[in-house]
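> Can you read through this structure? Questions will come right after.
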Amino acid sequence: MAQLDQELGVADVYAAALFELARESGTVSETRAELDELLALVQSKPEFANFMESRGLGVERREAGLERMFRGRLSDATLNTLLVMNRHERAGLIAAMHRRFVLRQEQASNQIEAVATSAVELPDEQRAEIERLAGELSGKRALVQYRVRPEILGGLILQVGDVRWDNSLRTRLEAARSALRERAERGFEDVSSG
C-alpha cells in the first residue's frame, strides 16, 4: 500500500505538470483522450506494458522507441511528459499518471467519481436517485459507475471519492452474526461464572 501511495505521489507530479500545460493551451479533453489511449494500450498489450516497465531496456532505447511510436500521433506535451518520465525511470507509471490527471480534470470541473455496487442491475429511476444522492453528499456532479456483484446479496455499496457507505445485505448479516456471537459468548460467560 505504501508503494502504491508513493507511485501515485510521483505520478501526480507528472499529471499536474501535464494538466497545467493542457489547461493553458485549452486541450484538456484532447490530452485526456490521449492518456485514455495510452492506458488502453498498456492494459491490452502486455508487450507494450513490458516495454514501458523494463529496467533492462535502457532509457535511451525506450526513448527512441517512444519517439518512433508516438511522434506525430500524440501532442508534444503528452509525448514530452512520457519522455521526461522515461528519463527519470518512471515510464511504467502511465496508469497512475492517468488516474491523477483524471482526478485533476474532475476537480477542475467540479465533478467527482462515484461507484455504486449492487447485487442486481439497477433500473434507470434508481440510478437517477443514486446520482442525485452522490451529488448531494459530495457537493459536486457525481460521475457514477455501476457495478453488479451478486455476492453482496442485496442493498447497495456507494463510494463517492474516498468515502464509502456500505448498506449491503451481506455486511448487515455479518454485523448481526457478530452481535449474536458476542451475545452468546457473554451469555456463556455469565452462566459459567454463576
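The values are calculated or read from the model by the stated rules, or taken from the named source; none is laboratory data. Fair warning: this is a prediction, and the values are worked out from it, not measured in the lab. All Cβ positions, glycine included, derive from the backbone under ideal geometry; neighbour counts span all protein chains shown. Ligands, DNA and RNA are stripped out before the accessible areas are found, and what is left, the full protein with its side chains, is counted by its heavy atoms. Shrake-Rupley method; radii C 1.70, N 1.55, O 1.52, S 1.80 Å.
> Of the listed peptides 87-99, 131-143, 159-171, what is their order by residue-averaged count of other C-beta atoms within 10 Å, with the highest listed first?
Values: 87-99: 18.9, 131-143: 16.3, 159-171: 14.4.
Packing order, densest peptide first, comes out as 87-99, 131-143, 159-171.
> Against the longest alpha carbon principal axis of the chain, how many degrees, from 0 to 90 and to the nearest 10, is the axis of helix 2-25 turned?
Approximately 50 degrees, to the nearest 10.
> Non-local amide H neighbours of Leu156 (under 5 Å, H modeled in plane, Pro and chain starts lacking H): which ones?
HN-HN under 5 Å from Leu156: Asn167, Ser168, Leu169.
> Based on the Cβ-Cβ distance from Glu47 to Arg71, what FRET efficiency comes out when R0 is 25 Å, to the nearest 0.05? Don't skip to the end; give the middle numbers.
Details: r = 20 Å, r/R0 = 0.79.
Once the sixth-power term is evaluated, E becomes 0.80.
> Going by average Cβ density within 10 Å per residue, which order do the peptides 173-181, 76-84, 63-71 take, highest to lowest?
Numbers: 173-181: 10.6, 76-84: 18.8, 63-71: 13.6.
So the peptides 173-181, 76-84, 63-71, ranked by packing, come out 76-84, 63-71, 173-181.
> Taking the structure as given and computing Rg/Rh (Cα atoms, Kirkwood Rh), which label from [x] 1.02; [y] 0.95; [z] 1.16 fits?
Answer label, from the structure shown: [z].
> Using unit Cβ charges (K, R positive; D, E negative) and no other charged atoms, how large, in debye to the nearest 20, is the dipole of the chain about its Cα centre? Kindly include the intermediate steps, with their values, before the conclusion.
On the way: 27 positive and 32 negative charges, 47 e Å.
About 220 debye.
> Another question, if that's okay. Using a 1.4 Å probe, what is the accessible area per residue for the range 11-94, in Å²? Let's see the in-between values first.
On the way: 4680 Å² over 84 residues.
Per-residue value: 56 Å².
> Arg55 to Glu131: FRET efficiency via 1/(1 + (r/R0)^6), r the Cβ-Cβ distance, R0 45 Å, to the nearest 0.05? Numbers along the way, then the final one.
Working: r = 44 Å, r/R0 = 0.97.
With R0 = 45 Å, the Cβ-Cβ based efficiency is 0.55.
> Continuing with this model, one more query. Could you give the length gained on full extension between Arg23 and Ala40, defined as 0.36 nm per residue of separation minus the Cα-Cα distance, in nm?
On the way: separation 17, 0.36 × 17 = 6.12 nm, distance 2.30 nm.
Length difference between fully extended and current span is 3.8 nm.
> So, with a 1.4 angstrom probe, what is the percent of accessible area on the range 1-147 that is carbon and sulfur?
Working: 4250 of 8520 Å².
Carbon with sulfur: 50 percent of the solvent-accessible area.
> Further, regarding this structure: Would you mind checking the range 8-45 for residues with the amide N under 15 Å from a putative spin-label position 7 Å along Cα→C-beta of Arg141?
Within reach of a label on Arg141: 29.
> Between Asn80 and Asn110, what's the calculated FRET efficiency when r is the beta-carbon distance and R0 is 30 Å? Round to 0.05. Mind showing how you got there, number by number?
Numbers: r = 29 Å, r/R0 = 0.96.
Once the sixth-power term is evaluated, E becomes 0.55.
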